[in-house]
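Following: one structure in structure tokens, then a few remarks.
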Amino acid sequence: MKKLGVFICHCGVNIAGTVDVKRVAEEMEKVEDVVHSTDYIYMCSEPGQQLIREAIQKEGLEGVVVACCSPSMHENTFRKAVKSEGMNPYLCEIANIREQCSWVHQKEKEEATQKAKEIILATLEKLRRNEELEAIGMSIHRSILVIGGGIAGITASLDLAEGGYEVILLEREPALGGHMAQLFLTFPDLHPAFPNLIAKAQEVEGHPKIDLYCYSELEEVKGFVGNFDLVIRKKATFVDWEKCNACGLCIEGCPVEYPSSFEGGLGRRKAIDFLYPHSIPQRPTIHREMCRYFLDGSCRNCEEVCSQKAIVFDQKDEKIQKKVGAIVVATGYDLFPKEQLGEYGYGEIPDVLDGLTFERMLSPEGPTSGKINRPSDGKVPKEMVFIQCVASRDPDRYMPYCSRICCMYTAKQAKMYKERVPDGQPYIFYMDIRSDCKGYEEFLQKTIEEKGLLYLRGRVSRVFQEDGKVKVLGVDTLTGRMVEVSADMVVLATAVVPSHGVKDLATKLRATVDRHGFLTEAHIKLYPVESSTKGIYLAGCGQGPKDISDTVSQASATASKIQALLSTDKLLQDPLIAFVDEGICSGCGICVETCPYEAREIDPRRGISVVHGALCQGCGACISACPNFACELRNSSSTQTLRMVDTFI
């Protein structure tokens, strides 16, 4: 018979305010194989952990149950504590009496106390049949794939490369920068965005530890943490970037022009062109959908003027195989599709723009050289309306969440408009002002006071064109009056949404996304940069809306986590995974199809299912699917589960 110990946490009043913890501790002392039972206000604290360590030494404990919060919070904390005293860490179990007991029974103290007792007894039943397990050691590759070449991907890549790691940076556009390349000034200090971004992009391009793949996408991922096998598809640019000297003669000679998506449709680009002026890398790409050579074979101007013979019309996509130990997903964001915003006239009224398009108008490098002109007739707008929360915080029709950056960049843009058009009047329709970071509130208040911005609290119901003006109908909820503004131009602060293609990428990576398509973290507080799949890390707006400061901070945090992960000779994998009873496995393959982590396969020689320990996440899907009951989880067997259930019934 094992000597077991029970340690019950008060968690301040989170547990002790509902559960009579001292009575429960006394009851546990009566259990036959429990030789030590006690309670403490915060068991996860250092004094609390010391109580556990001392009891193991004094009583010779062979197993420990800690009754506290969810295992996702402090299971590793207590496992480390018992391991320091020579106990196998997998002989420490957590009885969740906070989330599953005290929090859900706050008005039923007697019932909660009884339930807490039963949860601990059930956990003791499990502990009695636990095996002593050892972590699985695996070799690792000390290189990292970073997906996304915006400011998050650039920051993570540089931090990792400076730490001595080989980095593969993957960007699906022909150049680095993401949406930050479209910005003029950043709030709250109004520093130029582009020079700082380009400086970092140049560092990436010239860094010996960074292998840069622009205009490329991730085709396939196999493997597991420490050992990911990649297939990268390098898309054909129809320009040999090794030969090209970026002279620009091909761009000058191209007869085809069409609206530039980078400039929000305000500027024009050629069928062969750079993504944007001074882009990194400074290499052109031919867009075959617009190129006359690919459409009808009628033009070869770029090839004829290129002195370097760098135009390659028959260039094909190239597949490249790589191996890495970890992956950073920094896929950025898009704006809510304008086609779905009919009530705002977006896409129909030329003088209704989104925030990024107006940002290009403000930029001296933009299509208007920094001049604020109406797209419809080129006139300077005297009445300017900014509408916040367009498709954000609107659970009935659009996105329920706050996009976080809109309040601040709207104030910034309104300030810049007022400085360039002193006799103009900006109106800002808003729901609430959210300025919760360092220096934001001060910037906002100073801008309102100095520039005379007129804020109108309320939703806009309709935007339409009438007599050469853009009519904006809304309501001022502070006065209770309807408001109509005859504007010359309207700027919409549209919702931040996940970048196109993220769901497909998440499927390849076996990562999870929320209902809006943002990548989800393993734990919002304890593991905010790790995904649900080990070895896959998150950075930037692919996880959720955030500003540049938060994006850079998260990217650096991700790089730090990965450096810690890859700093050892071997990677230790949790042994709480599935296994197969080979004597009764029929090799039907149902578990192979069921496994969401591709951790199963049929052994062709023996005709039975085998588990890849490094891939298995211990989710238990195979156990429920197996018709022969041949699948089990280490330390969570069917026998253990049934004995736990017996405790309650």
field: Cα convex hull volume per residue for the chain (Å³)
entry: 204 Å³
query: What are the extents of the Cα atoms of the stretch 504-649 along their three principal axes, listed from largest to smallest and rounded to whole Å?
result: 56, 45, 34
Per residue Cα convex hull volume in Å³ - calculated over the stretch 484-584: 183 Å³
Phi to ³J(HN,Hα) by Karplus 6.51 cos²θ - 1.76 cosθ + 1.60 over the stretch 402-415, Hz, x for Gly, Pro: 7, 7, 6, 9, 5, 4, 7, 6, 5, 4, 4, 5, 5, 4
query: Out of the DSSP beta bridges found with both residues in the stretch 1-89, what percent are antiparallel (nearest 5)?
result: 0 percent
field: Violating pairs (Cα-Cα greater than 22 angstrom) within the set Lys243/Lys270; Lys2/Lys30; Lys126/Lys525; Lys2/Lys80
entry: Lys126/Lys525
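Could you list the square roots of 5 times each eigenvalue of the Cα gyration tensor of the stretch 230-347, that is, the equivalent ellipsoid semi-axes, sorted largest first and rounded to whole Å? If you can, show how the numbers build up before the last one.
Values: eigenvalues 146, 118, 37 Å².
Ellipsoid half-lengths, sorted descending, are 27, 24, 14 Å.
State, as an integer percentage, the relative contact order of the stretch 529-587 based on alpha-carbon contacts under 8 Å between residues 6 or more apart.
In percent, rounded to a whole number, it is 24.
For a distance above 18 Å, tell me the whole-number percent of Cα pairs in the stretch 310-358 that qualify.
In whole percent, the long-distance tail amounts to 63.
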statement: Over all viewing directions the Cα convex hull of the stretch 309-444 casts an average projected area in nm² of 14.8 nm²
task: Whole Å is fine, so just give me how far the alpha carbon centre of the stretch 144-219 lies from that of the stretch 346-387.
output: 28 Å
- prompt: So how many Å³ per residue does the convex hull of the Cα atoms of the stretch 384-512 work out to?
  reply: 152 Å³
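State in Å² the accessible area per residue of the chain; use a 1.4 Å probe, count heavy atoms of protein chains only, and round to the nearest integer.
Working: 29360 Å² over 649 residues.
Accessible area per residue: 45 Å².
How would you rank 601-607, 206-212, highest first, on the average number of other Cβ atoms within 10 Å across their residues? Intermediate results must be reported in sequence, preceding the final value.
Details: 601-607: 11.1, 206-212: 15.1.
Per-residue mean Cβ counts within 10 Å order the peptides as 206-212, 601-607.
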- line: Amide H neighbours of Ala95 at under 5 Å, excluding residues fewer than 5 places away on the same chain, with H built from the backbone geometry, are Val66, Ala67, Cys68
query: Tell me, what ³J(HN,Hα) does each residue in the stretch 83-96 have, in order and in whole Hz, if you take phi through Karplus 6.51 cos²θ - 1.76 cosθ + 1.60 with θ = phi - 60° and put x for Gly and Pro?
result: 5, 5, 9, x, 7, 4, x, 8, 9, 10, 10, 9, 9, 7
field: Carbon/sulfur fraction of accessible area - the chain, other protein chains in place, 1.4 Å, %
entry: 49 percent
query: Once amide H atoms are built 1.01 Å from N in the peptide plane, which residues 5 or more positions from Phe224, or in another chain, come under 5 Å H to H?
result: Asp229
field: For the stretch 1-136, the spread of Cα positions along each principal axis, largest first, Å
entry: 42, 28, 26
query: Against the longest alpha carbon principal axis of the chain, how many degrees, from 0 to 90 and to the nearest 10, is the axis of helix 548-565 turned?
result: 40 degrees
message: If I model a spin label at Leu576 and Lys309 as a point 7 Å from the Cα along the Cα→Cβ vector, what separation in nanometres do I get?
response: 6.4 nm
The stretch 260-272 - phi-based ³J(HN,Hα) in whole Hz, Karplus 6.51/-1.76/1.60, Gly and Pro as x: 8, 5, 4, 8, x, x, 7, x, 10, 9, 9, 5, 10
Sequence-distant residues sharing a close amide H with Leu454 (under 5 Å, placed H): Ile428
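The values are calculated or read from the model by the stated rules, or taken from the named source; none is laboratory data. Because the structure is a prediction, the values reported are computed rather than measured. Glycine also receives a Cβ, built like all others from the backbone with ideal geometry; neighbour counts cover every protein chain displayed. Accessible surface areas use protein heavy atoms only, side chains included; no ligands, DNA or RNA. Shrake-Rupley method; radii C 1.70, N 1.55, O 1.52, S 1.80 Å.
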